[in-house]
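Here's the structure, in structure tokens; my notes come after.
The values are calculated or read from the model by the stated rules, or taken from the named source; none is laboratory data. What you see is a predicted model; the values in this text were computed from it and never measured. Please note: Cβ atoms are built from the backbone with ideal geometry, for glycine as well, and neighbour counts cover all protein chains shown. Surface areas here come from the heavy atoms of the whole protein model, side chains and all, with no ligands, DNA or RNA. Shrake-Rupley method; radii C 1.70, N 1.55, O 1.52, S 1.80 Å.
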Amino acid sequence: MTSIDDRRSVTLWLGTWGECIANLDFARARTLFAPEVVGFGTWSDLLSGIDDLETRQWRKVWPTISDFRFDLDSIWMDVSPDRRLGHAAAAWSSTGLDRDGRPFTRPGRCTVTLRRSGGAAPWLGTHTHFSLNRGTPPVSYRDPASS
């Protein structure tokens, strides 16, 4: 069973990451992850390491969307008995633009694996997997230079 403190800390971690995504704060987002993070995403099947995750996923998606937010009330999580490993799943939403510049809602879901050195230490992401909900257009056409 996940403690209230662990639930609070994982929710805070996801909320902070969501703020990074919404604000295009790549530098701060990097501090939330282990250097050896592995991810799956919209643009790449397998991303290995924080540099790869940022370059081939985050920088291809984040500047093309707006209004990103995790649904912090939807979070499912589990934390190991020693409080050093956690898993979370959450719904999220954002706004994209179609080819004609019309906004559309981009709902999806995410799973993340977290680890830390002890019960009070900060969490670091070691794995992420983002996917769009079925039927959601896979591409947002916002010009990253206009963000």
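Return a yes/no flag: does the stretch 112-120 have any residue that is in a strand (DSSP E or B) and out of contact with any strand residue (DSSP E or B) (no Cβ under 6 Å at 6 or more places or on another chain). If you could, list the steps in order and put the result at the bottom.
The first filter runs over the stretch 112-120 and keeps only residues in a strand (DSSP E or B), leaving 112-115.
Imposing the further condition that a residue be out of contact with any strand residue (DSSP E or B) (no Cβ under 6 Å at 6 or more places or on another chain) reduces the set to none.
No, the conditions are met nowhere in the stretch 112-120.
Scanning the stretch 1-54 for residues that are among the β-branched types (V, I, T), over 25 Å from A120 (Cβ atoms) and at pLDDT below 95 yields a count of 1.
Looking only at residues that are closer than 19 Å to L132 by Cβ, in a loop (DSSP other than H, G, I, E, B) and out of contact with any Lys or Arg (no Cβ under 7 Å at 6 or more places or on another chain) in the stretch 58-83, which one is most open to solvent (accessible area, probe 1.4 Å)? The extreme case among them is D71.
Across the stretch 78-89, what is the number of residues that are in contact with a Gly (Cβ under 9 Å, 6 or more places away or on another chain) and under 28 Å from T64 (Cβ atoms)? Let's see the steps before the verdict.
Keep residues of the stretch 78-89 that are in contact with a Gly (Cβ under 9 Å, 6 or more places away or on another chain), which gives 78-80, 82-84.
Filter once more, keeping what is under 28 Å from T64 (Cβ atoms): none.
Counting residues in the stretch 78-89 that are in contact with a Gly (Cβ under 9 Å, 6 or more places away or on another chain) and under 28 Å from T64 (Cβ atoms) gives 0.
Residues of the stretch 32-57 that are open to solvent by 40 Å² or more (accessible area, probe 1.4 Å), closer than 19 Å to L132 by Cα and part of a helix (DSSP H, G or I): R56 alone.
Somewhere in the stretch 116-133, is a residue among the basic types (K, R) and either open to solvent by 30 Å² or more (accessible area, probe 1.4 Å) or under 14 Å from the mean Cα position of the chain (by Cα) (or both)? Before the answer, list the steps.
First, pick out the residues of the stretch 116-133 that are among the basic types (K, R): 116.
Next, from what is left, pick out any that are either open to solvent by 30 Å² or more (accessible area, probe 1.4 Å) or under 14 Å from the mean Cα position of the chain (by Cα) (or both): none.
Checking the stretch 116-133: not a single residue is among the basic types (K, R) and either open to solvent by 30 Å² or more (accessible area, probe 1.4 Å) or under 14 Å from the mean Cα position of the chain (by Cα) (or both).
Contact map, the stretch 84-98: first residue polar (S, T, N, Q), second residue open to solvent by 10 Å² or more (accessible area, probe 1.4 Å) and not in a strand (DSSP E or B), Cβ cut-off under 6 Å, separation 6 or more or different chains; pairs are S94/I65.
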